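Data block below; observations after.
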Amino acid sequence: MKTLALTLALLAAAAPATVVLAQDAPAAAAPAYSTAKTPLGDLLANPATAAVLEKHMPGISKSTEIEPVKGLPLKEIQQYAPDRLPDTLLAAIDADLAKIPAAGK
């Protein structure tokens with residue numbers, strides 16, 4: 001019985017330290033690029049992110065239709081062309097963009 005009481009006391013004493021450590025852990029870094037925050041023009045200006053766009057949307061970098069919306073993220077452009085930018089497409093693009101580190105890092 002003393003062993004059980006000692007074990008429970010040690011676990012109870014250790015629990016607050018575990019919680020503090022979990023709170024002190026850095027949050028997962030947000031992706032450097034995303035369809036919700038990064039303007040289309042910025043994605044096209046970076047060779048790595050432009051390649052992701054070309055993979056999912058062949059010909060986008062040469063399209064003349066995109067000029068007026070280059071300052072907007074794809075998520076905002078989606079409202080004007082939901083059939084061409086479905087959520088599944090944006091999610092796939094985001095998955096690939098998340099693998100690319102920020103420029104200069």
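The values are calculated or read from the model by the stated rules, or taken from the named source; none is laboratory data. For clarity, every value in this text was computed on a predicted model and none was experimentally measured. Please note: Cβ atoms are built from the backbone with ideal geometry, for glycine as well, and neighbour counts cover all protein chains shown.
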Subset of segment 72-100 (residues that are loosely packed, with under 12 Cβ neighbours inside 10 Å and in a loop (DSSP other than H, G, I, E, B)): Gln79, Tyr80, Pro82, Asp83, Arg84, Lys99
Just to be sure before I move on: is Thr18 hydroxyl-bearing (Ser, Thr, Tyr), more than 25 Å from Pro101 (Cβ to Cβ) and modelled with pLDDT of 55 or more in the structure I sent? no
Testing Val69 on (1) touching a helix residue (DSSP H, G or I) at 6+ places or on another chain (Cβ under 6 Å); (2) at positive phi, one condition comes back false. Which one is that? (2)
Considering only residues that are of a type in the set (A, V, I, L, M) and in contact (Cβ under 8 Å) with a residue 24 or more places away in the chain, which ones fall in segment 80-102? Leu89, Leu90, Ala92, Ile93, Leu97, Ala98, Ile100, Ala102
Go through segment 50-82 and give me each residue that's among the acidic types (Asp, Glu) and either under 19 Å from Asp96 (Cβ atoms) or under 20 Å from the mean Cα position of the chain (by Cα) (or both). Glu54, Glu76
Among the residues of segment 60-105, the number that are small (Gly, Ala, Ser) and modelled with pLDDT under 95 is 6
Residues in segment 58-97 that are within 20 Å of Ala32 (Cα to Cα) and of a type in the set (A, V, I, L, M, F, W, C) total 10
